[in-house]
Amino acid sequence: MEPIARKPRMVVSGVGRAALLVMWAAGVPLASVANAQEFRGTILGRVTDPQGAAIPHVTVVVTNEATNVASESLSENDGAYAVVFLIPGKYKIETTLAGFKRFVRSGVTVGINQHAAVDIKLELGNVTEIVDVRAEASLLDRASGGLGQTIDNTRIEAMPLNGRMIFMLNRLAGGVN
């Protein structure tokens, strides 16, 4: 009969345990801080036909109106699409599909860490016909219930600060008292 091979056990002394605990305790807050550093936003929604049925495999092109940088996404089987990692700004959303009118929506605002929901309802028609919708997206994030706003440097510098109290800048955001 052969002896059973045992796996070596790692023995950690009291000092080693304390060092591991300190490293773990230091790493947990850093993980949450790293998550809080996200400054980009997302445009997401569903692509549907006039009856509300999902349309899969539609290319959705999202273009930053200030920089003209385009990003694209392909809708899933349930019609859902998401264009992620967008810098804050105004965007134009476009889709084209044979048998449907071209869809264009301008002026969609994406803020810091915001998920702007834009559902695309394609209308039957020729591709030469264009449906151009111009509207402002709500600052309210319907996915999380959060409210966000980006305040540019010019407005911050123009704001008179009472006693240099940085918390006075909260008054620049709508709905903040």
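The values are calculated or read from the model by the stated rules, or taken from the named source; none is laboratory data. These figures come from a predicted structure and were not determined experimentally. Please note: Cβ atoms are built from the backbone with ideal geometry, for glycine as well, and neighbour counts cover all protein chains shown. Just so you know, the surface numbers come from the protein's heavy atoms only, side chains and all, with ligands and any DNA or RNA stripped out. Shrake-Rupley method; radii C 1.70, N 1.55, O 1.52, S 1.80 Å.
Are any residues in the range 40-87 hydroxyl-bearing (Ser, Thr, Tyr), surrounded by 13 or more Cβ atoms within 10 Å (Cβ to Cβ) and out of contact with any Ser or Thr (no Cβ under 6 Å at 6 or more places or on another chain), and if so, which ones? Passing the criteria: 42, 48, 59, 63, 71, 73, 75. Selection of the range 88-114 for residues being open to solvent by less than 40 Å² (accessible area, probe 1.4 Å) and within 11 Å of residue 43 (Cα to Cα) yields 91, 93, 108, 109, 110, 111, 114.
In a loop (DSSP other than H, G, I, E, B) and at pLDDT 90 or above: does that describe residue 113? Here the answer is no, as residue 113 does not meet what is asked. For the condition basic (Lys, Arg), in contact with a Gly (Cβ under 9 Å, 6 or more places away or on another chain), within 24 Å of residue 152 (Cα to Cα) and open to solvent by 60 Å² or more (accessible area, probe 1.4 Å), residue 121 does not qualify. Screening residue 133 against (1) surrounded by fewer than 16 Cβ atoms within 10 Å (Cβ to Cβ); (2) under 13 Å from the mean Cα position of the chain (by Cα); (3) at pLDDT below 95; (4) not in a loop (DSSP other than H, G, I, E, B) leaves a single unmet condition, (2). When the test is whether a residue is part of a loop (DSSP other than H, G, I, E, B), open to solvent by 80 Å² or more (accessible area, probe 1.4 Å) and either over 27 Å from residue 55 (Cα atoms) or at pLDDT below 85 (or both), residue 143 passes it.
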